[in-house]
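A.B. asks: Encoded as structure tokens, here's the structure I'll be asking about.
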Amino acid sequence: MNDVKTFCDTYYVDRKQTDSEKWDGLEEKFGQGNLLPLWVADMDFQIPEKAREALMERVEHGVFGYSKPSDTYFDAFINWQQKRHGIELKEEWVRFTTGVVNSFNFIIQAFSQEGDAVLVLPPVYYPFFSAVEKNNRVLIHSELRNDGGAFTMDFADIEQKIIAHNIKILLHCSPHNPVGRVWTRAELTTLFDICQKHGVLIISDEIHQDFIREGQEFVSALRLDEKYQEMLFVLTSASKSFNLAGLLHSHVIIPDEEKRRRFDAHLEKVANNAQSTMGMIATEACYRYGEEWFDSLQQVIEHNYQIIRREAARLLPKAVVSDKQGTYLAWLDLSSYVTEEKMTEMMQERAQIAIDYGSWFSSNFGQFIRINLATKPENIELAMTRLADALTN
Ligand SMILES: Cc1ncc(COP(=O)(O)O)c(C=O)c1O
């Protein structure tokens, strides 16, 4: 607990009136400004000191013209991937974009046609749906199986949908937001075999790759058999791990040369010079110097997750808290306590918390909520007390 307290005392900040979407966008998003915000996935913590210093040095320099990635950038990024995840990354595989959501939109645009079908595995990060639909592709769902809060892929259904709809692309979340699964090598291999058999390209969104719970092993798509690399796009960013989302910097990793060429040609059309100077500076510094900060942050997230488990067991014993293997998000099934129709009233008017509603991730999960754990423990305690009061009184 001491480390948790020290981390929060050092890095937690009051973000009200800083134009924070999470804190200052409540009225706009929820129609109520008085809620405790535990929704959108960013953190209430400052970034590591060294990253702030690197940014300040650039501010002092005072020039913000076009930039290009340096050798030291690649060094820091490739080392992090190697050391933390055992990924052997080649510099020439890496492309830059101004965000992971942009990245999967670009790939869908470049590697499928209007009317083509794209498969997603809900409940899942909802911008996956809009990326498919707004690009006039056909959105096909293969829902995860929920066995008492333990989520798995339904491989028979996935293969059947791929065949029935002539799926061109699978948009996959690994680790999985919101259910918190860290997919095993065996699961990923089965999934990738099915996709390869039917010529389906895979976008593996690995933005949550660093948030892996002790005892779990994250297996990047880049660590599976090399034979899958011809069909693969891997998306990463330091933006979740180090709270840099506003700096608009992310990576698209494409091992296949032909696919890189096609991606580059598309990027030239839609996002010329898609690189953020400050994003690159912060990312390099975080990967180079941020390991200790990150490991302490993980303790805060674990501590907060344990508060949810403990308080749910004590006050809401029929709530099902999914096993959070990865991410900094808790996923709760409240169906024993609240109907979907009463959800907004319970969460907003009574508990006064702003969470991500399960219905945003799938129409079949309207009695679930997602709680963002990347804040100080007091906020999580308060949310659980209010939630229990609302649901049981
Ligand atoms: C799975 C997933 N992909 C992408 C993003 C957002 O990425 P970006 O801000 O780089 O567009 C999030 C944010 O929560 C996410 O959970």
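The values are calculated or read from the model by the stated rules, or taken from the named source; none is laboratory data. Note that the coordinates shown come from a computational prediction; the quantities given were computed from them, not determined experimentally. Positions of Cβ are backbone-derived with ideal geometry, glycine not excepted, and every protein chain shown enters the neighbour counts. Please note that ligands, DNA and RNA were not included when accessible areas were found on the heavy atoms of the full protein model with its side chains. Shrake-Rupley method; radii C 1.70, N 1.55, O 1.52, S 1.80 Å.
A.B. asks: For the chain, give the percent of accessible area contributed by carbon and sulfur heavy atoms, probe 1.4 Å, rounded to a whole number.
C.D. replies: The nonpolar share, carbon plus sulfur, comes to 45 percent.
A.B. asks: Continuing with this model, one more query. All other residues with a Cβ under 11 Å from the Cβ of SER237 taken together, and with Lys, Arg as +1 and Asp, Glu as -1, what is their net charge?
C.D. replies: My count for the surroundings of SER237 gives -2.
A.B. asks: Highest GNM mean-square fluctuation, the chain, Cα pairs closer than 10 Å: which of LYS269, LYS22, LYS259?
C.D. replies: LYS269
A.B. asks: Anyone know which of LYS318, LYS50, LYS197 comes out most mobile in the 10 Å Cα GNM of the chain?
C.D. replies: LYS197
A.B. asks: Suppose R0 equals 51 Å. What FRET efficiency, 1/(1 + (r/R0)^6) with r the Cβ-Cβ distance, do GLU92 and LEU315 give to the nearest 0.05?
C.D. replies: Taking R0 as 51 Å, the efficiency between GLU92 and LEU315 is 0.45.
A.B. asks: I would also like to ask the following. Compute the Cα gyration tensor for the stretch 333-372, then decide on rounded, prolate or oblate, letting a ≥ b ≥ c be the square roots of its eigenvalues: rounded whenever a/c is under 1.5, prolate when a/b is larger than b/c in the other cases, and oblate in all that remain.
C.D. replies: Judged from the Cα gyration tensor, the stretch 333-372 comes out oblate (a/c at least 1.5, b/c at or above a/b).
A.B. asks: In whole angstrom, and with the biggest value first, how far do the Cα coordinates of the stretch 276-376 range along each principal axis?
C.D. replies: Result, largest extent first: 47, 31, 23 Å.
A.B. asks: So what's the net charge close to PHE365: Lys and Arg +1, Asp and Glu -1, counting the other residues with Cβ under 11 Å from its Cβ?
C.D. replies: Combined, the nearby Lys, Arg, Asp and Glu give -3.
A.B. asks: Restricting to DSSP H runs of at least four residues, report the calculated mean residue ellipticity at 222 nm for the chain, -39500 (n - 2.57) per run over all residues, nearest 500 deg cm²/dmol.
C.D. replies: -12500 deg cm²/dmol
A.B. asks: Give the calculated FRET efficiency between TYR289 and ARG223 to the nearest 0.05, with a Förster radius of 25 Å applied to their Cβ-Cβ distance.
C.D. replies: 0.50
A.B. asks: What distance in nm separates the simple spin-label points at GLU349 and THR385, each placed 7 Å from Cα in the Cβ direction?
C.D. replies: Distance between the two pseudo-spin positions: 2.4 nm.
A.B. asks: Using bins 20 angstrom wide from zero, how does P(r) for the chain break down, in % of all Cα pairs?
C.D. replies: Percent of pairs per bin, in order: 27, 59, 13, 0.
A.B. asks: Give me the Å³ per residue figure for the convex hull around the C-alpha atoms of the stretch 66-289.
C.D. replies: Normalising the Cα hull of the stretch 66-289 by residue number yields 119 Å³.
A.B. asks: So for the stretch 33-79, Kirkwood radius off the Cα pairs, Stokes-Einstein at 4 °C and 1.567 mPa s: how many µm² s⁻¹?
C.D. replies: D = 91 µm²/s.
A.B. asks: May I ask you to give the solvent-accessible area per residue for the chain, in square angstrom, as obtained with a 1.4 angstrom probe?
C.D. replies: Accessible area per residue: 42 Å².
A.B. asks: Pick from GLN275, GLN352, GLN113: which residue has the top mean-square fluctuation in a GNM of the chain where Cα pairs under 10 Å get a spring?
C.D. replies: GLN113
A.B. asks: Grab the eigenvalues of the alpha-carbon gyration tensor for the stretch 50-100, scale each by 5, take roots, and send me the semi-axes largest first in whole angstrom.
C.D. replies: Working through the eigenvalues yields semi-axes of 25, 14, 10 Å.
A.B. asks: When all C-alpha to C-alpha distances in the stretch 1-148 are sorted into bins of 5 Å, what percent of pairs does each bin hold, rounded to whole numbers?
C.D. replies: 2, 6, 9, 10, 13, 17, 18, 14, 7, 3, 1, 0
A.B. asks: Right, something else. By its C-alpha gyration tensor, with a ≥ b ≥ c as the square roots of the eigenvalues, how is the stretch 318-393 shaped: rounded for a/c under 1.5, else prolate for a/b larger than b/c, else oblate?
C.D. replies: oblate
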